[in-house]
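One structure is given here, and the rest of the page talks about it.
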Amino acid sequence: MAGKFEIKAGKTGKFRFNLKASNGQIVLTSEAYESRSAAVKGITSVKKNAGNDKRFERKTAKDGSPYFVMKAANGEPIGKSEMYKSTKSMENGVASVAKHAPDAPVVDADAKPAAKPVAKAAAAKPAAKPAAKAATKPAAKKPAAKKPAAKKAAKK
C-alpha cells in the first residue's frame, strides 16, 4: 500500500490533511485551512516541496522530543510531524514524506463512511440470494405434500 493524503473537516469547520505512510502511520499533519480547496493547495505544495530537504525545519519540543515542520517556498508552515523519540526516527519521518508525498493520492476522509455501507450491502446481496433459493425449494415441496391431506379432510 502506498502513502496517501487524507483531507478531513474538523469540528470548527476548518480543513486539515494528514499524509499517511504505507503502514498507515500519520507522518505529517497540516495547518488548519478555511476551505477544502485551500487544503488541496496545501497538499500540492507538500508534493512539490517534499523532495527539497531545505523545506524541512528540524526542531526540538520543550520535553526534548524531536519533530519537524515542513515549509513552503515562501517560508510559511504547511504541516508538522508527530513528536519522535529520537533524531533518527525524526529523520526517517522526513524521508517518509520525501518518499510518499510526491505520488500519494488524495482521499476525502469525510466520504469514507458513506462508501463503506454501499460495499457491505453489495457483498450481502449475493450471500442472501443462495439462502433464498435454498429456502424456496423445500418450501415448495412441503405445501405440495400438505395439499392432498387437506383435500382428504375436506371430503370427509
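Could you tell me how many of the residues in the stretch 28-54 are more than 21 Å from the chain's Cα centre (by Cα), farther than 17 Å from Gly75 by Cβ and among the charged types (D, E, K, R)?
Looking only at that region, the number is 1.
Do you know which residues across the stretch 1-54 are surrounded by fewer than 16 Cβ atoms within 10 Å (Cβ to Cβ), of a type outside the set (Gly, Ala, Ser) and under 14 Å from Lys99 (Cβ atoms)?
Met1, Asn23, Gln25, Asn52, Asp53
Taking the stretch 1-40 as the region of interest, how many residues are hydroxyl-bearing (Ser, Thr, Tyr), in contact with a helix residue (DSSP H, G or I) (Cβ under 9 Å, 6 or more places away or on another chain) and in a strand (DSSP E or B)?
2
Filter the stretch 65-88 down to the residues that are among the aliphatic types (A, V, I, L, M) and crowded, with 18+ Cβ neighbours inside 10 Å, then identify the one that is modelled with the lowest pLDDT.
So in the stretch 65-88, the residues among the aliphatic types (A, V, I, L, M) come out as 69-70, 72-73, 78, 83.
Next cut, crowded, with 18+ Cβ neighbours inside 10 Å only: 70, 78.
Working: Met70: 97, Ile78: 94.
Among those residues, the one meeting the criterion is Ile78.
Each row is one residue, and each column tells you yes or no for (1) under 16 Å from Tyr84 (Cα atoms); (2) touching a strand residue (DSSP E or B) at 6+ places or on another chain (Cβ under 6 Å); (3) of a type in the set (Val, Ile, Thr).
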| site | (1), (2), (3) |
| --- | --- |
| Arg16 | no, yes, no |
| Ser22 | no, no, no |
| Thr29 | yes, yes, yes |
| Glu34 | no, no, no |
| Ala38 | no, no, no |
| Ala50 | no, no, no |
| Phe56 | yes, yes, no |
| Thr60 | yes, yes, yes |
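Does Thr44 satisfy being in contact with a Pro (Cβ under 6 Å, 6 or more places away or on another chain) and assigned by TED's automatic domain parsing to the domain that holds Asn92?
no
Inside the stretch 57-83, can you point out the residues that are within 14 Å of Thr29 (Cβ to Cβ), in a loop (DSSP other than H, G, I, E, B) and out of contact with any Phe, Trp or Tyr (no Cβ under 6 Å at 6 or more places or on another chain)?
Residue satisfying the conditions is Glu82 alone.
The values are calculated or read from the model by the stated rules, or taken from the named source; none is laboratory data. Predicted, not measured: the structure shown is a model, and the values here were computed from it. Note that each Cβ is placed from the backbone with ideal geometry, even for glycine, and that neighbours are counted across all protein chains shown.
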